[in-house]
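For reference, the structure discussed in these notes is given below.
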Amino acid sequence: MIEVLFIQIPLEGNRDTIFAGLQSVVSKECYIEVLGYGSKEVALRRLLGEALVRFALKRYWQLTSGDYRIARGEKGKPFIVGVENVFFNISHSGDYVVCSVSDREIGIDIEKRAKARMEVAGRFFHEEEMAILKTLEGDKQDQLFFNYWSVKESFLKYIGTGLTRPLNSFVVRFAGENISLYEGVNKLPLCVNACPIDSGYACYVCGEYNDLPHLREITFEEIALYFPENG
């Protein structure tokens with residue numbers, strides 16, 4: 001199974017109320033941590049990310065906070081302690097926070113679309129990808145740039161290395177709706193699928209299931225109904 005939950009970051013006027021309301025949803029450690037953040041927007045994204053995880057764990061696995069602990073691996077990837085075969089990953093960009101959950105390892109990334117940064121592509125993308133980008137112009141080049149970036153990030157988050165592994169150490173290939181990952185001549189046995197959350201964003205999930213992920217938009221009000229009180 002692969003479920004992708006996403007929430008649109010609320011407008012400025014609602015943020016203080018939501019910030020306070022999330023205290024009963026996230027862990028005490030998470031809430032204390034974000035109180036020290038210099039940016040309230042960054043803090044809210046952190047809270048919403050953990051809230052989506054806890055919502056998913058309760059909805060799909062009937063797990064409450066006393067059943068598990070969220071920790072981070074050596075490279076920073078978060079994981080569940082105390083429960084087997086439950087995996088998640090979080091990403092945020094622009095107006096959205098996304099969370100993927102599965103019973104196998106998973107990685108997700110979302111990127112707000114803008115102008116292609118060809119100087120960045122030249123430094124970090126594989127030469128095959130760069131050659132294809134150079135054949136395009138305008139919106140098509142912009143779109144492919146962020147598709148590449150999001151797919152690559154989803155894979156690196158799947159394997160848990162983040163950007164400690166070079167983006168040009170593997171190749172992303174698009175063939176219609178199909179997406180493949182290659183290391184040299186070897187095709188990796190993984191599945192990458194687009195998550196069409198918003199046309200202004202590139203969002204991809206990398207995992208071990210070929211089935212299309214189920215997308216579900218979540219509101220703060222829906223989260224609050226699941227957590228009338230902490231735990």
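The values are calculated or read from the model by the stated rules, or taken from the named source; none is laboratory data. This one's a predicted model, so the numbers in the text were calculated from it and none came from an experiment. Note that we place each Cβ from the backbone using ideal geometry, even for glycine, and neighbour counts take in every protein chain shown. When the accessible area is computed, the model is the full protein with side chains, heavy atoms only, and any ligands, DNA or RNA have been set aside. Shrake-Rupley method; radii C 1.70, N 1.55, O 1.52, S 1.80 Å.
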Tally up the residues in the range 69-86 that are in contact with a helix residue (DSSP H, G or I) (Cβ under 7 Å, 6 or more places away or on another chain), surrounded by fewer than 17 Cβ atoms within 10 Å (Cβ to Cβ) and modelled with pLDDT of 90 or more, please. 1
Conditions (1) under 18 Å from the mean Cα position of the chain (by Cα); (2) modelled with pLDDT of 95 or more; (3) open to solvent by less than 40 Å² (accessible area, probe 1.4 Å): number failed by Thr161: (2)
For Leu52, only one of the following conditions fails: (1) modelled with pLDDT under 90; (2) under 27 Å from Glu105 (Cβ atoms). What is its number? (1)
For the range 54-93, which positions are of a type in the set (Lys, Arg) and part of a loop (DSSP other than H, G, I, E, B)? Lys75, Lys77
Here is a check on your reading of the model: is Ala51 surrounded by 16 or more Cβ atoms within 10 Å (Cβ to Cβ), touching a residue at least 40 places away in the same chain (Cβ under 8 Å), in contact with a helix residue (DSSP H, G or I) (Cβ under 6 Å, 6 or more places away or on another chain) and assigned to a helix (DSSP H, G or I)? yes
Pairs with Cβ under 9 Å, 6+ apart, first in the range 73-87 and within 13 Å of Lys157 (Cα to Cα), second part of a loop (DSSP other than H, G, I, E, B) and open to solvent by 90 Å² or more (accessible area, probe 1.4 Å): Phe87/Arg104
Looking at the range 133-168, which of its residues are assigned to a helix (DSSP H, G or I), more than 19 Å from Ser93 (Cβ to Cβ) and either in contact with a Phe, Trp or Tyr (Cβ under 9 Å, 6 or more places away or on another chain) or of a type in the set (Lys, Arg) (or both)? Leu133, Lys134, Lys140, Asn168
State the number of residues belonging to the range 12-36 that are open to solvent by 40 Å² or more (accessible area, probe 1.4 Å) and within 21 Å of the chain's Cα centre (by Cα). 1
Report, by residue number, each residue of the range 101-122 that is surrounded by fewer than 12 Cβ atoms within 10 Å (Cβ to Cβ) and farther than 29 Å from Arg216 by Cβ. Lys115, Glu119
